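Working notes, beginning with the structure itself.
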Amino acid sequence: MNNSAVRELWDRTYLALLPWTDIPRRELDAQCRQAVTAALAALWGECDAALLDGAATDEQVHAIVAAQTVYGLGWRDAVLGDIATRARAAGLGDGPGRLWAPPERWNLGRGRAFRATLRDNLSFFARHPRSQELRLVRTVRAAVAAADADPRTALTLLYRAAWTEHATERLGWSDAEWWQYLGIDELTTWAVIALRIPMEEPDRAGWAVEEVAEAVSPKDWTWTGSSLPDDFLEAAFDTLALPVREF
């Protein structure tokens, strides 16, 4: 598969996800939970209030997780059509948020009944499996609109908003790098697509900006600063070869 065809798959994935970004996360989770509950009722013969409000077992949680995974795969195939199959055939990896991954790579564990009732465990585990990726696309879409599609402005809004969102709760943490908490890789990748920046492999842009983040951060610096590291924005723009907007 040539590079232009790779970009086409990324573009098609973004366009396919866009309508779903209009649906609030709580509604996406509710749709998933409803489908999982129906699957459990079919499996167990019932899934009534008495069962839901009773103590949960690990085996019941395993069933919830399996049903949630199958729901997610069905949703993925309905939304993306042949995109995931074509991406896998071309050896492009798991794609954004594992959206292109084969079924066996969607299984990240079976879960345990660490909450008191089956209903509580259902609420926790039966969430839309790709709501995080949809949140990223929704965030990028809003920033691009607010920036009137100017790449430098849109990326500035994205990176600074991500910093503001995470800095308070992560200040002083050192178990991961700041750019990992902010999701710089994923935000950049989706922004390249949304802004129609001419890069044939958008995920490489995300990796490149992560490397920039590491390069401009002082040694051992994580959340000790009051804002993004000095020079990060300009270095990111240079890496992406973004021209200065002329007015």
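The values are calculated or read from the model by the stated rules, or taken from the named source; none is laboratory data. Everything numeric here is computed off the predicted structure, so don't read it as measured data. For neighbour counting, all protein chains shown are included, and Cβ atoms are generated from backbone atoms with ideal geometry for every residue, glycine included. Accessible surface areas use protein heavy atoms only, side chains included; no ligands, DNA or RNA. Shrake-Rupley method; radii C 1.70, N 1.55, O 1.52, S 1.80 Å.
Compute the acute angle (0 to 90°) between the alpha-carbon long axis of helix 184-194 and the principal axis of greatest extent of the alpha-carbon atoms of the chain; round to the nearest 10°. For helix 184-194, the angle is close to 80 degrees.
Putting +1 on Lys and Arg Cβ atoms and -1 on Asp and Glu Cβ atoms, find which of His62, Leu9, Gly45 reaches farthest to the positive end of the dipole of segment 1-77. Checked the options; the winner is Leu9.
Dipole magnitude for segment 9-140: computed about the Cα centre from +1 point charges on Lys and Arg Cβ and -1 point charges on Asp and Glu Cβ, it is near 440 debye. Taken per residue, the accessible surface of segment 52-181 reaches 49 Å², heavy atoms only and a 1.4 Å probe.
Rg to Rh ratio, segment 35-80, alpha-carbon atoms and Kirkwood radius? All intermediate terms of the calculation are to be shown ahead of the outcome.
Details: Rg = 12.0 Å, Rh = 11.4 Å.
Rg/Rh for segment 35-80 comes to 1.05.
Let me spell out the model: positive unit charges on the Cβ of Lys and Arg, negative unit charges on the Cβ of Asp and Glu, origin at the Cα centre of the chain. What dipole size does that give, in debye rounded to 20? Please report the intermediate quantities before stating the final value.
On the way: 26 positive and 36 negative charges, 134 e Å.
That gives the chain a dipole magnitude of about 640 debye.
Annotation for Arg105 and Asp77: the two label points, set 7 Å from Cα along the Cα-Cβ direction, are 1.8 nm apart. Share of carbon and sulfur in the accessible area of the chain stands at 51%, probe radius 1.4 Å. Remark on segment 35-194: ratio of C-alpha radius of gyration to 2.2 N^0.38 Å is 1.27. Taking the empirical scaling 2.2 N^0.38 Å for compact globular proteins as reference, segment 62-139 has a Cα radius of gyration ratio of 1.21.
Where Lys and Arg each count +1 and Asp and Glu each count -1, what net charge lies around Ala113 among other residues with Cβ under 13 Å from its Cβ?
On the way: positive: Arg110, Arg112, Arg115, Arg119; negative: Asp58, Glu59, Asp120.
Result for the local shell: +1.
Taking every C-alpha pair closer than 8 Å and separated by at least 6 residues, the mean separation divided by the residue count of segment 81-214 gives a relative contact order of 17 percent. Helical runs assigned H by DSSP (4 residues or longer) give the chain a calculated mean residue ellipticity at 222 nm of -19500 deg cm²/dmol, each run adding -39500 (n - 2.57) before division by the residue total.
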